[in-house]
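Just so you know, all these numbers are worked out from the coordinates, no wet-lab data involved. This is a predicted model, so every value here is computed, not measured. Please note: Cβ atoms are built from the backbone with ideal geometry, for glycine as well, and neighbour counts cover all protein chains shown.
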Amino acid sequence: MQDSVEKTLREAVNATANAETKFEKGKAAGFVLGADDNAEAALLALDALGVSPLFLLNRDSRDMYLLINKLKHLDIQGVRSVGMLKREMEDLAQKGNTICIGISAIPTPPAEFPSEEMVYDIADEVLRSAYSAEGQNGPEHIQLPAKRIFLDMANEVGLSDPNESGVAKLRLSQAKSGVLREHASEAGWTVLHL
């Protein structure tokens, strides 16, 4: 999965000629939504592209911190509030860094629980934030994308399962459209689906 994510992102930023090419250190940050195996693959792919720091958002803080601990060799920060994210983004801006890639490793149906709503609020803060690709890297580095990239990795397996209840079918059909994918598109991000 990591290879698929990395390949998709390299194609999106026109960096396929050299698999070793990375973003310039300290220029490109990213976020990942989820804390499962897909999220792990997304974090590893972003790291392979030189994206740092990486912000991890998940409704279950225990799962989020387990994944951060598992990948402690990466620069991953768990985000649990909009205020925390705003402070981190201000710090990035002062250092000339910006969040240019976001990945949803999980389906994002309309929020049902406060923990989901909190994660969506945090993600929306990033999606609506200002972005500029100024301060481009030299030719030896991946260039910041003109438009930020949002990759939706949500697994749509089972969306047409005839054994699902009506409510489950509705929730799965809403997941297919992806709330955050829609928000990213509305905010001008380049939206990709894996």
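Odds and ends about this structure:
- For the chain, the relative contact order works out to 24 percent when only alpha carbon pairs closer than 8 Å and six or more residues apart are counted.
- Angle in degrees between helix 2-12 and the longest Cα principal axis of the chain, rounded to the nearest 10: 60
- Fewest neighbouring Cβ atoms within 10 Å first, the residues Leu66, Leu144 line up as Leu66, Leu144.
- Normalised radius of gyration (Cα atoms, divided by 2.2 N^0.38 Å) for region 2-193: 1.00.
- Distances between placed amide hydrogens fall under 5 Å for Leu151 paired with Gly102, Ile103, Ser104, Leu192, all partners being 5 or more residues away or on another chain.
- Take the Cα of Lys70, step 7 Å toward its Cβ, do the same at Ser132, and the gap between the two points is 3.9 nm.
- For Leu44, the shell of other residues with beta-carbons less than 10 Å away shows a net charge of -4, using +1 for Lys and Arg and -1 for Asp and Glu.
- Note on Ser115 and Asn14: with the Förster distance fixed at 25 Å, the Cβ-Cβ geometry gives a FRET efficiency of about 0.10.
- The loop-placed GluC sites (Glu not before Pro) in region 92-127, going by DSSP, that have at most 13 neighbouring Cβ atoms within 10 Å of their Cβ come out as Glu112.
- Helical mean residue ellipticity (222 nm; -39500 (n - 2.57) per DSSP H run of 4+; nearest 500) of the chain: -13000 deg cm²/dmol
- Cα long-axis angle, helix 114-128 against the chain (0 to 90 degrees, to the nearest 10): 40
- Ranked Met84, Met89, criterion: other C-beta atoms within 10 Å, fewest first: Met84, Met89
- Net charge of Cβ neighbours under 15 Å - reference Arg10; Lys, Arg +1; Asp, Glu -1: -3
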